[in-house]
1. Taking region 340-355 on its own, how many of its residues are surrounded by fewer than 19 Cβ atoms within 10 Å (Cβ to Cβ) and either assigned to a helix (DSSP H, G or I) or among the aromatic types (Phe, Trp, Tyr) (or both)?
2. Filter region 236-246 for residues that are in contact with a Leu (Cβ under 9 Å, 6 or more places away or on another chain) and of a type outside the set (Ser, Thr, Tyr) and give the result.
3. For region 77-106, which residues satisfy the criterion of being closer than 30 Å to Lys12 by Cβ and either among the acidic types (Asp, Glu) or modelled with pLDDT of 90 or more (or both)?
4. For Asn278, work out the one condition from (1) closer than 18 Å to Ala236 by Cβ; (2) touching a strand residue (DSSP E or B) at 6+ places or on another chain (Cβ under 7 Å) it doesn't fulfil.
5. Pairs needed: first member in region 216-242, at positive phi; second member anywhere, among the polar types (S, T, N, Q) and open to solvent by less than 10 Å² (accessible area, probe 1.4 Å); C-beta distance under 9 Å; at least 6 residues apart or different chains.
6. When you go through Asp337, Asp330 one by one, which is the residue that is surrounded by 14 or more Cβ atoms within 10 Å (Cβ to Cβ) and either among the acidic types (Asp, Glu) or at pLDDT 95 or above (or both)?
7. Among the residues in region 193-200, are any of a type in the set (Gly, Ala, Ser), under 23 Å from Thr346 (Cα atoms) and open to solvent by less than 40 Å² (accessible area, probe 1.4 Å)?
8. Within the bounds of region 372-381, is there any residue that is part of a loop (DSSP other than H, G, I, E, B), modelled with pLDDT under 80 and in contact with a Leu (Cβ under 9 Å, 6 or more places away or on another chain)?
Amino acid sequence: MSTSNNSKNKFKNSGTHKYAVQLYYKNDGDIVYYAVYRDPFDLDKNGKPKKKRYKVGLKSEGITERYVKNIRDEIVVKLRQGQLPDYLKRKSTEEILTFSKLADLYFKERAANHLDGEENKNIKNDKSILKNHLSIFLKRHPQLITNGDIINFKIEKLKIRAPNTVNNMLTLLISILNYGVDNNLIQAKPKIKKLGGIDNARERWFTREEIFLIYDHLKDNLILAIFVKLSLSTGARLETIRAIKRKDINLHEQTVTLVDLKGKAAGKDNATYLGFLNPDIINELTEFIKGLKPNAYIFQYENGNRVGVDYIQNNLQKLFDQLFNEHLKDSDGKIRDRKNKAVIHTLRHTFATHLAKENTSMNTIQKLLNHSDIKMTDRYAKFLPEKGVNAIKQLDIFTQKLTQ
């Protein structure tokens, strides 16, 4: 790769191809041809790609301006794809950073710092998004992803995916690019604005009759039955319920210490909160955890291995689809009605909804759900002052036994 020298006055732009091709007139009358391009991997102090020249050859060797222009176009295309032509020799021997390589580094750091179960679920899901939806960026250098690229990406994805799903894709894209900037791997990134005006709030909750229907279908699966009952007694999220250990349960006080995984991820010193156990599940829970050591997770298979998140997620979702979601399917068999689809999170929403129907105070519901902001609890509007432990005891959605 050539750099400018003391004879700048002898460099002339091509009359046909202008700044893309430059000619250097030698004293002996020969002409040296250069392909001129902007190098996105070498930025100036203002963050703009530096102009570079690549020496193609001499007129006396048969080189023409058209040939140089073709070489220049090839360089530009390769650089846009995050690649480097073999004939370009860089001062650095490092590989060009592509979006794919940046994503690999991002996921490696997440995996190294993941919370229990996060590697199996969230990272797995995000890798799937990267592979299936962000693949068009994989060979690109992150700094070459433009605002126009983002706009076109949104337009194309909205043709086949719901707005909230597209926002999930954009969230991952933003996270990977932010990782690159924060770790000085890239110096600039496009402005990515997620889709606005989306109502993400799920409206689906289970009635008392639907809850007993779920119990009836789980009477032969104690693991899932206890999981559902703990979810409806505490309102905790899937991973929080799965993280419960024997020592967290106080049968005498009818309480359970729950791990605030979101708070833990945010670096909170005390990332736990207290949940309450409905009296109607105490006997079943007592038998379920019998013989477990204090530090043992309560959800275990018979061989002692911890129950995986996929086992709970997949089996319960299959049941919910069977019982409640069939009528939501479109002609292609897919469910796009996110607000009314019954999912694992519906258990948490059901917990809060039934408390609100009992006129439990909003402040109490906020504490029981471990919401950081009371605004998150506003959807459960009806309330009257009540103690959380008493509210839990008054719920009547646990009275049917798991077995007949």
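The values are calculated or read from the model by the stated rules, or taken from the named source; none is laboratory data. Here the structure is a predicted model, which means the values were calculated and not measured. In this analysis, Cβ positions are derived from the backbone assuming ideal geometry, glycine residues included, and neighbour counts consider all displayed protein chains. To get the accessible areas, we keep the full protein, side chains included, count just its heavy atoms, and leave off ligands, DNA and RNA. Shrake-Rupley method; radii C 1.70, N 1.55, O 1.52, S 1.80 Å.
1. Here the count works out to 2.
2. Quick first cut of region 236-246, residues in contact with a Leu (Cβ under 9 Å, 6 or more places away or on another chain) only: 236-241, 243-246.
Answer for region 236-246, where residues must be in contact with a Leu (Cβ under 9 Å, 6 or more places away or on another chain) and of a type outside the set (Ser, Thr, Tyr): Ala236, Arg237, Leu238, Glu239, Ile241, Ala243, Ile244, Lys245, Arg246.
3. Asp86
4. (2)
5. Short answer, once both residue conditions are applied: Gly235/Thr350.
6. When all the criteria are applied, what remains is Asp337.
7. To start, the set of residues in region 193-200 that are of a type in the set (Gly, Ala, Ser) comprises 196-197.
Then keep just the ones that are under 23 Å from Thr346 (Cα atoms); that gives 197.
Pick out the ones that are also open to solvent by less than 40 Å² (accessible area, probe 1.4 Å) and you get none.
No, region 193-200 contains no residue that is of a type in the set (Gly, Ala, Ser), under 23 Å from Thr346 (Cα atoms) and open to solvent by less than 40 Å² (accessible area, probe 1.4 Å).
8. Scanning region 372-381, I find at least one residue that is part of a loop (DSSP other than H, G, I, E, B), modelled with pLDDT under 80 and in contact with a Leu (Cβ under 9 Å, 6 or more places away or on another chain), so the answer is yes.
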